[in-house]
Structure formats: structure tokens, C-alpha cells
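Here is the structure we will look at.
The values are calculated or read from the model by the stated rules, or taken from the named source; none is laboratory data. Everything numeric here is computed off the predicted structure, so don't read it as measured data. We place every Cβ from the backbone using ideal geometry, glycine too, and count neighbours over all the protein chains shown. Accessible surface is based on the protein model in full, side chains and every heavy atom, while ligands, DNA and RNA are left aside. Shrake-Rupley method; radii C 1.70, N 1.55, O 1.52, S 1.80 Å.
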Amino acid sequence: MSKSPKEYDIVIIGGGPGGISAGIYTARARRDSLLVERGVVGGQILNTEWVENYPGFPEGVSGFDLTQSMHQQATKFGLETLIAEVTGVRIATKDKTVKTTQGDFTARAIIVASGSERQKLGVPGEVEYTGKGVSYCATCDGAFFRDKAVAVVGGGNAAITEALELVKFASQITVIHRRDELRATKILQEKAFAEPKIKVLWDSVVEEILGETFVNKVRVRNVKSKKESVIDVAGVFISIGFKPNTGFLKDILALDDTGAIIANEKMETSVPGVYAVGDIRSNSIRQVISAAGDGATAAVNAEKYISG
Ligand SMILES: Cc1cc2nc3c(=O)[nH]c(=O)nc-3n(C[C@H](O)[C@H](O)[C@H](O)COP(=O)(O)OP(=O)(O)OC[C@H]3O[C@@H](n4cnc5c(N)ncnc54)[C@H](O)[C@@H]3O)c2cc1C
């Protein structure tokens, strides 16, 4: 159903932890606030069953329960939520327009919290075993692989950082890389090569992730010799890049070379009155807690901007 255009003080794009946290602050500050989410409110963390590193939950909490409680809290303070896709943003001298599949909304400030998507390998077993051995985040899930053999797919800084993070937990880490040299910085390479638990499988690509209830093997092909092999692993960490959800911004904000939005410590972007928070922000550590913190910072600064 289409909604007639309405003016808001603040429109928040994206209903993950960053956007919802911003909404708690803007709504509680009595600012007329709208959160626009294209899918299910909660964001990426809905893809994980158990979050063990968000403060206040010594036994852990499900991604669903955590974000639904956050959203209830924001709604209690008056945050409005619209399920629609943001298709564009127009910046005029003062007021800004957020175009959505359910109509246009004007805002005095915009908080972009649209997150990023992890690049997928696109091999059989990847979707089936996500959360059952397939992970895209060692900081999030590394502790579940204590004393187990795991694979890391990728050869850039992110992949090698993931492998080094996993040294604390896993018994052995096989880095599967499609080329014969890593793209990661020399310093990271040196650390990885000095670590006895890490070995690199060069010139190799994952063909299939196998398992029963959980992952137990990965089938790999050498791109030069074409020979296939099967490695026993309990986990596969896929680290082949991120795709920031910035398509709807089209040349409006300054982005870094990965496509993430550049923002300063106040979460201000290159356009006054537009803020970026969470995984969409350049150099984000891509965690729920950092997204929530960014959201609070942006909300407080957006409030000052509007009052300005
Ligand atoms: C499998 C998995 C496990 C994880 N485990 C942990 C963990 O244990 N601990 C931890 O701290 N972090 C974990 N993370 C990372 C965490 O989920 C993210 O850092 C966090 O969700 C980022 O929040 P965000 O609000 O910035 O973005 P997101 O959660 O990505 O939310 C962005 C939202 O914006 C919406 N959106 C995008 N484009 C548009 C548009 N054009 N219009 C409207 N809406 C749009 C998306 O649908 C999405 O709901 C995990 C991530 C994954 C994928």
C-alpha cells in the first residue's frame, strides 16, 4: 500500500542494529523519525543463531531476539518503520528526499545504515551449511571451532586476518587461495607464514562444501593441475570481500575504493546532514556493537545538525 509523502526530521535507511540503534536515540530525542527497511527488521545478524559478543548477555542471545528487542525499544519511543526499498536519495539545499518503493519522504537529516553483504562463493553446500560450519566472520564464530580444523577461503587482508584470528581457536587452518601468491600486505603474510597452524593451499578453488548436519569436508580443485582433493574440516570461513549496499546513493556520497561510505568520527559523510553507520561505513569492524555505537553517535550529531 502506498503511503502519502510525509516530512520527517530524520529518515534512517536500513533496519539492522545500526539503524535501529540510531532510531532509539532519534525517537527518544522526540525527533519525528522513520526507519525504512527493505527486508526483515534485524539486518544481517538474523543470519546467525547465537551472538556471544554483545554486552549484557552472558549466556549469549539469538540475533533475532536481540534485534527484535532493540526494535521494540525504538518503537516504544516513537520510531516509525516502513517496509520498503530505498531507491534513491535527492539532496537539495537544506531538505533531503528519500525515494522508496512506497513513496517519497523528506528529511532534514538522513542516517544511512544499509549494511553490506558478504560476497558468496556460489558453490554447492554454501547456503545449506551457512551457520552450520560455513561462516563469513571469524570474530563472530571463531570460538565455535575450538581444537577443530578449519579452512579460510581467500587471499587478501581480510582472509589472512581471519586466519590469524582463528589461530586462537582452531587446531589447523588451511587457507585456500586461487592464485600462487597472496594479495594481503607483506606484514600479514609474514605473520601467517610464521604461524605453524596455518598452511596455504595455492592455486586452489573450493568446488563444494560437504557435510551431514554440520560441515565435515571441503572439495577443492587445483586450477593448474585440475586435480581434485577433499580436506576434512569442521568449518569454512569465506572471506572473499564485501559488497556495500550503496547502489541507491549513486555518486551522492564520497565512497572508499571498496564502495563503503567515508565518514568521520561524528559519522558525518561528505554531505552535511547525511550520516553513515555500521557495516556500510568505511573501516567499520563490522560487528553489532560497533553498528550500535555508530548509530548512537550519528543520531546525536544529526540531532545537533537539525537544532543547529
Ligand atoms: C552469519 C553472520 C554472523 C554474524 N555474527 C556476528 C556476531 O556473532 N557478533 C557480531 O557482533 N556481529 C556478527 N555479524 C556481523 C553483524 O551482523 C553486522 O556487523 C551488523 O548486522 C551490521 O549492522 P548494520 O546495521 O550496519 O547493517 P545490517 O545488519 O547489514 O543491516 C542493514 C539493513 O539495511 C537494509 N537495506 C539495505 N539496502 C536497503 C535499501 N536500499 N532500502 C532499505 N533497506 C535496505 C538491509 O535489508 C538490512 O536489513 C555476523 C554477520 C553474519 C552475516
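Stretched out straight at 0.36 nm per residue, the stretch from VAL127 to ASP147 would grow longer than its current Cα-Cα span by 4.8 nm.
Amide hydrogen proximity for ILE111: with H placed 1.01 Å from N in the peptide plane, the residues at 5 or more positions away or on another chain lying under 5 Å are VAL11, ILE12, ILE13, TYR275. Would region 195-242 count as rounded, prolate or oblate if I go by the C-alpha gyration tensor, calling it rounded below 1.5 in a/c and otherwise prolate when a/b exceeds b/c, oblate otherwise? Since a/c stays below 1.5, the shape of region 195-242 is classed as rounded.
Each other residue within a Cβ distance under 9 Å of GLU207 adds +1 if Lys or Arg and -1 if Asp or Glu, for a net charge of 0.
The angle between the Cα long axis of helix 17-28 and the longest principal axis of the Cα atoms of the chain comes to about 20 degrees, rounded to the nearest 10.
The value of relative contact order for the chain, using C-alpha pairs under 8 Å at least six residues apart, is 21 percent. Which of the chymotrypsin sites (Phe, Trp or Tyr not before Pro) found in region 199-308 are in a DSSP loop and have at most 14 neighbouring Cβ atoms, other than their own, within 10 Å? Within region 199-308, the qualifying chymotrypsin sites (Phe, Trp or Tyr not before Pro) (loop, at most 14 other Cβ atoms within 10 Å) are PHE214.
Among the trypsin sites (Lys or Arg not before Pro) within region 36-114, which fall in a DSSP loop and have no more than 13 other Cβ atoms within 10 Å of their own Cβ?
Working: sites: ARG38, LYS76, ARG90, LYS94, LYS96, LYS99, ARG108; in loops: ARG38, LYS94.
Counting only loop positions with at most 13 other Cβ atoms within 10 Å, the trypsin sites (Lys or Arg not before Pro) in region 36-114 are LYS94.
Other residues whose C-beta falls under 14 angstrom from the C-beta of GLU126 contribute a net charge of +1, scoring Lys and Arg +1 and Asp and Glu -1. For the chain, the solvent-accessible area of protein heavy atoms averages 49 Å² per residue (probe radius 1.4 Å; ligands and nucleic acids excluded).
Treating each Cα of region 187-304 as an identical point scatterer and ignoring solvent, apply the Debye formula and state log10 I(q)/I(0) at q = 0.15, 0.18 Å⁻¹. Debye intensities relative to I(0), on a log10 scale: -0.85, -0.95. Taking only the alpha-carbon positions of region 14-153 and ignoring solvent, what does the Debye formula give for the base-10 log of I(q)/I(0) at q = 0.13, 0.21 Å⁻¹? For the requested q values the scattering log ratios are -0.68, -1.26. For LYS168, the aspartates and glutamates whose Cα falls under 18 Å of its own Cα, not counting residues fewer than eight places away in the same chain, are GLU52, ASP141, ASP147, GLU190, GLU195.
Volume per residue for the chain equals 141 cubic angstrom (convex hull of Cα atoms). Rounded to a whole number of µm²/s, how large is the Stokes-Einstein D of region 112-255 at 4 °C and 1.567 mPa s, given Rh as the Kirkwood radius over C-alpha pairs? Here the translational diffusion coefficient equals 83 µm²/s.
Enter the angle in degrees (range 0 to 90, nearest 10) between the Cα long axis of helix 288-307 and the first principal axis of the Cα atoms of the chain, meaning the one along which they spread out most. Helix 288-307 sits roughly 20 degrees off the main axis of the chain. Please identify, among GLY60, GLY273, GLY16, the residue showing maximal mean-square fluctuation in a Gaussian network model of the chain using a 10 angstrom Cα cutoff. Checking each option, the largest mean-square fluctuation is seen for GLY60. Near CYS140, once Lys and Arg are set to +1 and Asp and Glu to -1 for all other residues with Cβ below 13 Å from its Cβ, the sum equals -4.
Label sites at ASN283 and LYS199, each approximated as a point 7 angstrom past Cα along Cα to Cβ, lie 3.8 nm apart.
3J(HN,Hα) along region 164-181: 5, 5, 6, 4, 5, 10, 6, 7, 8, 10, 9, 8, 9, 10, 6, 10, 9, 8 Hz, from the Karplus curve 6.51 cos²θ - 1.76 cosθ + 1.60 with θ = phi - 60°, whole Hz, x for Gly and Pro. Applying a threshold of 31 Å to the alpha-carbon distances of LYS199/LYS243; LYS96/LYS243; LYS76/LYS132; LYS94/LYS120; LYS217/LYS250 flags LYS76/LYS132; LYS94/LYS120; LYS217/LYS250 as lying beyond it. A Förster radius of 25 Å combined with the Cβ-Cβ distance from GLU52 to ASN216 puts the calculated FRET efficiency at roughly 0.60.
In terms of overall dimensions, region 94-159 has a Cα radius of gyration and Dmax of 19.0, 56 angstrom.
Placing pseudo-labels 7 Å out from each Cα toward the beta carbon at ASP256 and LYS168 gives an inter-label distance of 2.1 nm. Contact order, relative form, for region 140-243: 30 percent (alpha carbon pairs under 8 Å, 6 or more residues apart, mean separation divided by residue count).
Among GLY14, GLY125, GLY235, which one shows the highest mean-square fluctuation when the chain is modelled as a Gaussian network with alpha-carbon springs under 10 Å? Result: GLY125 has the largest fluctuation of those listed. Taking θ as phi - 60° and the Karplus parameters 6.51, -1.76 and 1.60, the scalar couplings of region 100-106 work out to 10, 5, 10, x, 9, 9, 9 Hz in sequence order, x denoting glycine and proline.
Using equal-weight Cα scatterers in the Debye expression, the normalised intensity of region 1-68 in log10 at q = 0.15, 0.19, 0.24, 0.26 Å⁻¹ is -0.56, -0.80, -1.03, -1.11.
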